[in-house]
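Okay, structure first, notes after.
The values are calculated or read from the model by the stated rules, or taken from the named source; none is laboratory data. Source: prediction; values computed, not measured. Quick reminder, even Gly has a Cβ in these numbers, built from the backbone with ideal geometry, and neighbours come from all protein chains shown. Please note that ligands, DNA and RNA were not included when accessible areas were found on the heavy atoms of the full protein model with its side chains. Shrake-Rupley method; radii C 1.70, N 1.55, O 1.52, S 1.80 Å.
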Amino acid sequence: QVQLVESGGGLVQAGGSLRLSCAASGTILSFNRMGWYRQAPGPQRELVAVMTNGGSTNYADSVKGRFTIFRDGAKNTVYLQMNSLKPEDTAVYYCNAILGSRTYWGQGTQVTVSS
């Protein structure tokens, strides 16, 4: 059973930075893909940034140039560096991992950006 544990959320002023961490119970390079999604109040969860096991990345247009996804294989941890935060980035951020046909989610961490 894969477990994903997020940390690093919090309250920050617009223009500030936060770094989210996602620690996985397994070897992250064994996952097909890992990344971050977010959900503002409402039913839809949107992709923020993902990275394949080969290192390819994909970002939502709204965060390109501001957010960076990277990993530390030795720590089995994926990070999301968020700079130039905007109030519209406020959401619960979820770590996501795909292993074969299975998808795993973390419990989420709240990010609140004040104007």
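Mind listing just one residue for me: the one in the stretch 18-32 that is open to solvent by 60 Å² or more (accessible area, probe 1.4 Å) and over 11 Å from the mean Cα position of the chain (by Cα) and, of those, modelled with the lowest pLDDT?
Let us first name the residues in the stretch 18-32 that are open to solvent by 60 Å² or more (accessible area, probe 1.4 Å), namely 19, 25, 27, 29-30, 32.
From what's left, over 11 Å from the mean Cα position of the chain (by Cα): 25, 27, 29-30, 32.
Details: S25: 89, T27: 83, L29: 79, S30: 85, N32: 93.
The residue in question is L29.
Would you tally the residues in the stretch 47-76 being of a type outside the set (S, T, Y), more than 11 Å from the chain's Cα centre (by Cα) and either exposed (fewer than 15 other Cβ atoms within 10 Å of the Cβ) or over 23 Å from D89 (Cα atoms) (or both)? Result for the stretch 47-76: 12.
Could you tell me which residue of the stretch 33-46 is farthest from G100 (Cα to Cα), considering only residues that are part of a loop (DSSP other than H, G, I, E, B) and open to solvent by 70 Å² or more (accessible area, probe 1.4 Å)? Let's see the steps before the verdict.
Quick first cut of the stretch 33-46, residues part of a loop (DSSP other than H, G, I, E, B) only: 40-45.
From what is left, the residues that are open to solvent by 70 Å² or more (accessible area, probe 1.4 Å) are 41, 43-45.
Working: P41: 30, P43: 26, Q44: 24, R45: 21 Å.
That would be P41.
Within the stretch 8-19, residues that are more than 18 Å from V92 (Cβ to Cβ) reach partners that are assigned to a strand (DSSP E or B) with beta carbons closer than 7 Å, at six or more positions or on different chains, in the pairs Q13/S114; A14/V113; A14/S114; S17/M82.
The set of residues in the stretch 73-101 that are aliphatic (A, V, I, L, M) and either at pLDDT below 95 or farther than 17 Å from G15 by Cβ (or both) comprises A74, V78, L80, A91, V92, A97, I98, L99.
Contact annotation: residue pairs with Cβ atoms under 6 Å, 6 or more positions apart or on different chains, pairing a residue in the stretch 50-71 that is within 21 Å of W105 (Cβ to Cβ) with a partner that is in a strand (DSSP E or B) and among the aromatic types (F, W, Y), are F70/Y79.
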